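Peer 1: Structure below; questions to follow.
Derivation of every value follows stated rules applied to the coordinates shown; laboratory data play no part. All values reported here derive from a predicted model rather than from experimental measurement. Cβ atoms come from the backbone with ideal geometry, glycine included; neighbour counts cover every protein chain shown.
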Amino acid sequence: MAQLTPRQRRSEYRARNGNMVDMNLVSLIDVFTILIFFLLSSAAGVEVLVSPKAVNLPIANAEKPPEATVVLVVSADEILVEGRRIASVSQVMATADDLIPALSAELAVLGQRQAVRSDNRARQATEGQAVTILADKQMPYALLRKVMVTCARANFHDVSFAVRKRVDA
């Protein structure tokens, strides 16, 4: 038997044991799970209001992101609260009164529901609740005035109008 040098012994040992590579994937899977959880939780913080195709929102230099409020959509044909049809625009415009009875009743129900769920009942009683109005930019002011008066009388004093953010090219 021939005498091997230390270098030859190491290379022979590596040749014999080098093809048995053991890779532990558990820690790699844990890292990917944490990354996916972080990405999903950070993406959930972005709030976007979905506007119906019938409503063409005005463009503005708004920097404030939308908040989670009651969403009221005023299209050319109908008024929707949280996706439910409340009144027809033609019927609302035909009345001389500023109060829209169907909208007032629906907002009263939503206000009671939110007051039960909310911890800030005292603040809501004094300051009122928040509502976001999605209205077409060609909507007549008389209709929007009736909607805002109805919201104010139903204790929804914090009225916001949804706009599209201007994209500078």
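Peer 1: Between PHE32 and ALA94, 0.36 nm times their residue separation minus their Cα-Cα distance comes to what?
Peer 2: On the way: separation 62, 0.36 × 62 = 22.32 nm, distance 6.01 nm.
Taking 0.36 nm per residue and subtracting the Cα distance, the gain is 16.3 nm.
Peer 1: I've got another one for you. Given the Cα-Cα distance of TYR141 and SER11 and 0.36 nm per residue of separation, how much length would full extension add, in nm?
Peer 2: Values: separation 130, 0.36 × 130 = 46.80 nm, distance 8.69 nm.
Net length gain for the segment: 38.1 nm.
Peer 1: Something else about it: Peptides 27-40, 96-109: what's the order by average Cβ count within 10 Å, highest mean first?
Peer 2: Working: 27-40: 9.9, 96-109: 15.4.
Going by the mean number of other Cβ atoms within 10 Å, highest first, we get 96-109, 27-40.
Peer 1: Under a point spin-label approximation (7 Å from Cα along Cα-to-Cβ), what is the ILE59-SER104 distance to one decimal in nm?
Peer 2: Each label point is offset 7 Å from its Cα along the Cβ direction, giving 3.9 nm.
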